[in-house]
Amino acid sequence: MNLFRPAIALETKNPRQRATILAPFRFHDFRLLWFGLLISNLGTWMQITTLGYLVVALAGTPRLAALYVGILGASSAVPVVLLSPIAGVIADRFPRRRVLLITNSMQVAIALALALLVAFGALQLWEIFLLAGMRSTTQAFDAPARQSWVPLLVPREYVGNAIGLNSLAFNAPSVIGPPIAGLLIYSVGEAYSFYANAVATFAVIAALIFMAPSAPSSTKREGVFDSIMAGVSFLFNHSVLRQVVLLLLITCLFVRPYTQLLPAYAAHVVKVDARGLGILLAASGVGAIAGALVTAFVGSRRRGAVWFASAALMSLGTIVLGLVHVYAVALGVLVVIGAATLSFAGSSNVMLQTLSPDDMRGRAISVFSMVMLGGVPAGSLVLGSAATAIGLSHAMAAGGAVSLAAAIWIYVGDAALRKV
């Protein structure tokens with residue numbers, strides 16, 4: 001007897017109607033997963049904000065703050081870089097619901113460990129870096145399984161809209177989560193952000209329990225190394241996706257780390273406290289919501305043009321942010337950067353998912369996850385180290401300039417990309 005029902009439970013007699021932003025919500029399992037992620041990510045953003053605040057507080061000096069924030073990022077990067085290729089194979093070979101149940105349960109345990117260490121006054125820098133690395137390990141397996149599942153929950157013409165809504169579920173809480181974390185830090189202490197994240201993560205676990213299991217996408221049983229190399233070969237030989245991954249890597253190293261460096265930027269450039277940091281992160285989150293909505297609205301149309309325009313605007317915004325030392329102006333710039341960043345990431349994700357075959361999608365997304373979850377923290381170490389030598393403002397502006405030059409060079413030089 002087949003224990004797996006079809007991945008898409010159609011709830012409409014005419015699923016082939018024109019794609020709209022809200023069309024994916026017509027499908028039961030997508031709805032469940034989306035609302036679970038929306039709640040869980042509120043806690044995630046609270047934890048991200050609180051970890052950055054704790055590292056800066058324990059550092060003491062401006063230059064050490066930038067360096068330690070970079071180390072925090074690097075401690076999250078290493079597990080993703082090492083494990084994402086294997087995680088992609090697992091996403092293709094194993095039931096995705098089972099993988100996600102395991103990863104989210106582990107994230108609850110890590111959040112509780114952070115909360116208890118803070119509550120008893122025992123948390124040290126090395127423990128922050130270790131637990132951040134452990135959470136990144138779970139993310140390395142979570143992201144390919146979750147993101148490659150989305151195209152199986154909705155019909156193909158809705159994939160772009162669904163990916164945009166998925167980004168929205170992660171970034172909408174970024175507007176609320178950081179200010180709540182700032183208020184909790186200021187009023188009752190850092191531990192409560194971690195407790196809140198542990199509770200919020202149960203929303204995803206509950207959603208997964210009520211979702212229908214789906215069969216693995218790939219039935220091949222070749223060696224793990226052969227499977228990894230097949231995915232790498234597919235991306236390297238694809239004329240469009242090769243360029244998408246290249247620019248994604250460059251932006252993650254030189255532009256995207258602005259989020260990890262915001263605690264140091266808040267404390268030592270625009271000189272605000274934890275509440276001010278929460279508002280800076282919320283401004284970026286407001287822009288991110290706009291960028292996710294762009295992805296959901298555009299769907300699979302004009303992907304190449306939107307992809308390039310978003311990369312260029314994101315890079316320009318980071319240059320301006322590096323030159324700005326006024327808090328109110330920085331808020332406006334962060335809204336623009338947040339919108340462009342999420343539009344670029346969403347466009348990259350849509351192209352990877354729609355241009356990859358079903359049995360290769362998990363491995364393609366694992367590369368996307370490896371770059372996004374590993375490249376950004378690694379970039380925060382690069383820019384954090386540069387900031388110790390030339391200052392945080394100059395490091396951010398230089399990173400934006402490198403990214404802008406790369407975006408123009410790649411897009412102008414690739415005719416196939418301009419036709420997508």
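Hey, among the residues in the range 328-339 that are open to solvent by 10 Å² or more (accessible area, probe 1.4 Å) and under 16 Å from residue 255 (Cα atoms), which one's farthest from the chain's Cα centre (by Cα)?
Among those that are open to solvent by 10 Å² or more (accessible area, probe 1.4 Å) and under 16 Å from residue 255 (Cα atoms), it is 333.
Checking residue 96 against (1) at pLDDT below 85; (2) within 19 Å of the chain's Cα centre (by Cα); (3) crowded, with 21+ Cβ neighbours inside 10 Å; (4) of a type outside the set (S, T, N, Q), only one condition comes out false. Which one?
(1)
With a cut-off of at least 1 residues that are at pLDDT 90 or above, open to solvent by 10 Å² or more (accessible area, probe 1.4 Å) and among the aliphatic types (A, V, I, L, M), name the helices (runs of 4 or more DSSP H) lying wholly within the range 159-240.
Counting at least 1 such residues, we get 173-187, 191-210.
Are there any pairs, at least 6 apart or on different chains, whose C-beta atoms fall under 8 Å, with the first in the range 306-334 and farther than 12 Å from residue 399 by Cβ and at pLDDT below 95 and the second of a type in the set (D, E, K, R) and not in a helix (DSSP H, G or I), and if so, which?
Final answer for the pair search is 327/271.
Name, by its number, the condition in (1) more than 23 Å from residue 67 (Cβ to Cβ); (2) modelled with pLDDT of 90 or more that does not hold for residue 128.
Among (1) more than 23 Å from residue 67 (Cβ to Cβ); (2) modelled with pLDDT of 90 or more, the lone unmet condition for residue 128 is (1).
Any chance the range 135-155 includes a residue that's over 24 Å from residue 348 (Cβ atoms) and within 22 Å of the chain's Cα centre (by Cα)?
No, the conditions are met nowhere in the range 135-155.
From the list 259, 251, pick out the single residue that is among the β-branched types (Val, Ile, Thr), within 22 Å of residue 373 (Cβ to Cβ) and modelled with pLDDT of 85 or more.
Result of the check over 259, 251: 251.
This table checks each residue for (1) of a type outside the set (S, T, N, Q); (2) under 20 Å from the mean Cα position of the chain (by Cα).
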{"site": "312", "(1), (2)": "yes, yes"}
{"site": "326", "(1), (2)": "yes, no"}
{"site": "341", "(1), (2)": "no, yes"}
{"site": "349", "(1), (2)": "no, yes"}
{"site": "364", "(1), (2)": "yes, yes"}
{"site": "379", "(1), (2)": "yes, yes"}
{"site": "406", "(1), (2)": "yes, no"}
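Being under 28 Å from residue 74 (Cβ atoms) and either of a type in the set (A, V, I, L, M) or within 11 Å of the chain's Cα centre (by Cα) (or both) is the filter here; which residues of the range 352-362 pass it?
Selection gives 352 alone.
Name the single residue that is most open to solvent (accessible area, probe 1.4 Å) among those in the range 361-383 being in contact with a Gly (Cβ under 6 Å, 6 or more places away or on another chain) and of a type outside the set (Ser, Thr, Tyr).
The residue in question is 381.
Of the numbered conditions (1) modelled with pLDDT under 85; (2) part of a helix (DSSP H, G or I); (3) open to solvent by 30 Å² or more (accessible area, probe 1.4 Å); (4) not aromatic (Phe, Trp, Tyr), residue 281 fails exactly one; give the number of that condition.
Residue 281 satisfies all of (1) modelled with pLDDT under 85; (2) part of a helix (DSSP H, G or I); (3) open to solvent by 30 Å² or more (accessible area, probe 1.4 Å); (4) not aromatic (Phe, Trp, Tyr) except (3).
Quick one: which of 348, 343, 356 is closer than 20 Å to residue 141 by Cα, among the hydroxyl-bearing types (Ser, Thr, Tyr) and surrounded by 24 or more Cβ atoms within 10 Å (Cβ to Cβ)?
That would be 348, the only listed residue that is closer than 20 Å to residue 141 by Cα, among the hydroxyl-bearing types (Ser, Thr, Tyr) and surrounded by 24 or more Cβ atoms within 10 Å (Cβ to Cβ).
In the range 34-63, which residues are open to solvent by 60 Å² or more (accessible area, probe 1.4 Å) and within 27 Å of residue 169 (Cβ to Cβ)?
Hits for the range 34-63 are 35, 39, 48, 53.
The values are calculated or read from the model by the stated rules, or taken from the named source; none is laboratory data. Treat the numbers as computed from the prediction; the structure is a model and nothing was measured. For neighbour counting, all protein chains shown are included, and Cβ atoms are generated from backbone atoms with ideal geometry for every residue, glycine included. Protein only, heavy atoms only, side chains kept; ligands, DNA and RNA dropped before computing areas. Shrake-Rupley method; radii C 1.70, N 1.55, O 1.52, S 1.80 Å.
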